[in-house]
Amino acid sequence: VLTLPDLNVRWLIDDPQRSIESATAGYDGALAVVDFRDGVLHAALLDLDSGREMPFQTRGASLLPLDPLPDGTWVCELYSSRAAHDLVRFDPKSGAIVNLSRTKEHLADPAMHFTPAKLHRWTSVDGMQVAGWLYEPQGESRGLIAHVHGGPTWHSEDWVNSFIQFLVAAGYTVLDPNYRGSTGYGRAFREAIKEDGWGGREQGDIRAGLESLVAAGKGRKGRVAVVGLSYGGYSSWCAITKAADLVQAAVPICGMYQLTTDYDATGMPHGRAYSEEMMGGRPDQQPERYFNASPANFIDRIRGDLLIVHGLRDSNVSPQNTWAAKRDLDKAGIPYELLTFDNEGHGIYRAGNREQLFRRVAEFLE
């Protein structure tokens, strides 16, 4: 526990333009403060006596402080969407950087190409300003995909995401939206998702982002998909059931399908409390909210293609969500594809499984 002077505590917490994520003690009465402004990392070394900040920054990349060293330098993670992540030693006073992991030397092959992220902003359904990251392929795009991050209490950055890079390399335009409820944009933006609960205007944020790209000529109706893990999987279910006029394909990965089932079956200690916080109570206290937010109740609206993916050891979003979906879709005669992994949990991470997932998704989108 770090006890800071009262002035600094108020300054760190009450500034509405900053989303403080963490603070790490250093040497000589200094603190590394990690915060986000408009979804972008801004780390700094804070002198606790004077209140002055010394930025951790380097051109064209984010610099995340991890651990201080006795000589005043810091071990940091250097990252962007244009190159592999690296561990470096950073001197806050001089700005000098020494590479410790030398990842880039091993990825010097010109064939190892990363597509850079571009900041994209749009206006959502109720006028709220939303932003995300846009990835565009070389040559003509084969379609438009929203890759929706999980959480929802999390956010995507300008960094290498292997799934997105794979999709872009396969020729697709990809939007990585930071919808309301995401961190990194201040407390009000993060808390806004609770006004409707899950399945509300945050889904409108994702749709509006896709529509903004269609309007800009970077996508067209008839060739739009939504993919994602966890809350991104849930958002994929929402898109294929409630945005069928726009979205023709969905790949929900470990996603919630029936929120009451998910509430009852979650194996995570915080799972039910998190659902209650987001939805305003338990299913018996907010039955209408849970019903309207559950894609299971709207599968009759599905008009596109569906590939359902789940790790069968998932203790966060129980595979019972997928088994319920399979039962309902079979009963309704709605076609779908199913890909499960018996040695995966909440996400598909083993190298061989991840390769199988990517290949299957590519075939599905084709």
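The values are calculated or read from the model by the stated rules, or taken from the named source; none is laboratory data. In this text the structure is predicted, and so the values were computed from the model without any measurement. Cβ atoms come from the backbone with ideal geometry, glycine included; neighbour counts cover every protein chain shown. Heavy atoms of the whole protein, side chains included, go into the accessibility calculation; ligands, DNA and RNA do not. Shrake-Rupley method; radii C 1.70, N 1.55, O 1.52, S 1.80 Å.
Quick notes
- Kirkwood-Stokes translational diffusion coefficient of the chain, alpha-carbon pairs, 25 °C, 0.890 mPa s, µm²/s: 112 µm²/s
- Percent RCO, i.e. relative contact order, over the range 176-227, from Cα pairs under 8 Å lying at least 6 residues apart: 26 percent
- Nearby lysines by direct alpha-carbon distance to Lys194 (threshold 28 angstrom, same-chain neighbours under 8 apart not counted): Lys242
- Expressed as a whole percent, the accessible surface of the range 31-189 that belongs to carbon and sulfur atoms is 54, based on a 1.4 Å probe.
- In terms of its Cα atoms, the range 175-270 spans 45, 29, 18 Å along the principal axes, sorted from long to short.
- The overall shape of the range 124-164 is oblate: from the C-alpha gyration tensor, with semi-axes ordered a ≥ b ≥ c, the ratio a/c is 1.5 or greater and a/b is no larger than b/c.
- Between Ala216 and Arg359, the modelled labels are 3.5 nm apart [label points 7 Å from Cα along Cα→Cβ].
- Loop GluC sites (Glu not before Pro), the range 130-237, which have at most 13 other Cβ atoms in a 10 Å radius of their Cβ (DSSP): Glu140
- The range 255-293: chymotrypsin sites (Phe, Trp or Tyr not before Pro) falling in loop per DSSP and having at most 13 other Cβ within 10 Å: none
- Computed from phi, the 3J(HN,Hα) profile of the range 65-71 under the Karplus parametrisation 6.51, -1.76, 1.60 (θ = phi - 60°) reads x, 10, 8, x, 10, x, 7 Hz, with x in place of Gly and Pro.
- Residues whose placed amide H lies under 5 Å from that of Glu337, excluding near-sequence neighbours: Leu306, Leu307, Ile308
- Oblate is the label for the range 215-366, because the ratio a/c of its alpha-carbon gyration tensor axes (a ≥ b ≥ c) is 1.5 or higher and a/b is not greater than b/c.
- Distance between the pseudo-spin-label points of Asp49 and Ser315 (7 Å out from Cα toward the beta carbon): 4.7 nm.
- Carbon/sulfur fraction of accessible area - the range 304-366, other protein chains in place, 1.4 Å, %: 44 percent
- Remark on the range 155-218: ratio of C-alpha radius of gyration to 2.2 N^0.38 Å is 1.26.
- Ligands, DNA and RNA left out, the 1.4 Å accessible surface of the range 206-266 is 49% carbon and sulfur atoms.
- Derived scalar couplings ³J(HN,Hα) [the range 196-211; Karplus, 6.51 cos²θ - 1.76 cosθ + 1.60; whole Hz; x for Gly, Pro]: 9, x, 4, x, x, 5, 5, 6, x, 4, 5, 4, 4, x, 5, 5
- Computed log₁₀ I(q)/I(0) - Debye formula, equal Cα scatterers, no solvent, the range 62-197, q 0.21 Å⁻¹: -1.19
- Heavy atoms of the protein chains alone define the surface here; on that basis the chain has 47 Å² accessible area per residue at 1.4 Å probe size.
- Here each label is just a point 7 Å from Cα along the line to Cβ, and for Arg82 and Asp126 those points are 3.8 nm apart.
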